[in-house]
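Here, each number is a calculation from the coordinates, and none is a lab measurement. This one's a predicted model, so the numbers in the text were calculated from it and none came from an experiment. We place every Cβ from the backbone using ideal geometry, glycine too, and count neighbours over all the protein chains shown.
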Amino acid sequence: MKRLSVLFALLASPALAATGPFFSLGNTNFIVLLAFLLFIAILVYFKVPRLLGDMLDKRAEGIRGELQEARALRDEAQAVLASYERKQKEVQEQSERIIAHAREEAEIAAEQSRKDLEASIARRLQSAEDQIASAQANAVREVRERAIAVATAAAGDVIARQMTADARDKLVEDAIAQVQQKMH
């Protein structure tokens, strides 16, 4: 009400006054004031301020709901982001473990390959030494056999030249006797 009286005081000031009295139907300012007050009264009668307030409240509720939904979406996005960051970290750690394991296996495989190569070389050296020893033994045996054959042939020639027929017969008889003794 106080506002209304202030409004009337402003409108009743001499600067705004028309050529006649303010409260007459001939004064256009008064007519505009009455029309404005009637318009305000109609708005109040049809509860337009409440409708506007309700619309604004609904809009505010809608905005509040959208904000809550946005917060929920943001929280969900942050949770998903944190989950992906954890997964990425786990994958990174797992890849580092796989790489470390692969390096260890490569080192073990290299060491095993080196040992296998050394063993193979040692076997081949041993095989070569065995072949050399075998060839040497065969050569010594052949030389001995050849020497025995040559010595036997030479001894046979020497004995044949030096032996008489009686000595030969006696050697044959002694050999037969020895064979007979060993048989019985």
### Message
What is the angle, in °, between the Cα long axis of helix 2-11 and the longest principal axis of the Cα atoms in the chain? Nearest 10 is fine, range 0 to 90.
### Response
60 degrees
### Message
On C-alpha positions alone, give me the angle between the axis of helix 48-162 and the longest principal axis of the chain, in degrees, nearest 10.
### Response
10 degrees
### Message
How large are Rg and Dmax for the chain when calculated on the C-alpha trace, in angstrom?
### Response
66.7, 198
### Query
What residue among Ser113, Val91, Val143 has its Cα farthest toward the positive end of the dipole of the chain, where the charges are +1 on Lys, Arg and -1 on Asp, Glu, each on the Cβ?
Val91
### Task
Based on alpha-carbon positions alone, could you give the equivalent ellipsoid semi-axes of the range 86-138 from the gyration tensor, as √(5λ), descending, whole Å?
50, 5, 4
### Message
Taking the Cα centre as origin and putting +1 on Lys and Arg beta-carbons and -1 on Asp and Glu beta-carbons, what dipole magnitude results for the chain, to the nearest 20 debye?
### Response
1580 debye
### Query
About its Cα centre, what dipole magnitude does the range 83-149 give when the only charges are +1 on Lys and Arg Cβ and -1 on Asp and Glu Cβ, stated in debye to the nearest 20?
240 debye
### Query
In nanometres, what is the gap between the two model label sites at Arg64 and Ala100, each 7 Å from Cα along Cα-to-Cβ?
5.4 nm
### Query
How large is the dipole of the range 114-167 about the Cα centre if only Lys and Arg carry +1 and Asp and Glu carry -1, each at its Cβ, rounded to the nearest 20 debye?
260 debye
### Message
When 1/r is averaged over all different Cα pairs and the result inverted, which Kirkwood radius in Å belongs to the range 114-167?
### Response
14.7 Å
### Message
Could you work out [θ]222 nm for the chain from helices alone, using -39500 (n - 2.57) per DSSP H run of at least four and dividing by all its residues? Round to the nearest 500 deg cm²/dmol.
### Response
-32500 deg cm²/dmol
### Task
For helix 165-183, report the angle its Cα long axis makes with the longest principal axis of the Cα atoms of the chain; keep it between 0 and 90° and round to the nearest 10°.
50 degrees
### Task
Give the residue from Gly156, Phe36, Ser127 lying farthest towards the positive end of the charge dipole for the chain; charges sit on Cβ (+1 for Lys and Arg, -1 for Asp and Glu) and the dipole is referred to the Cα centre.
Phe36
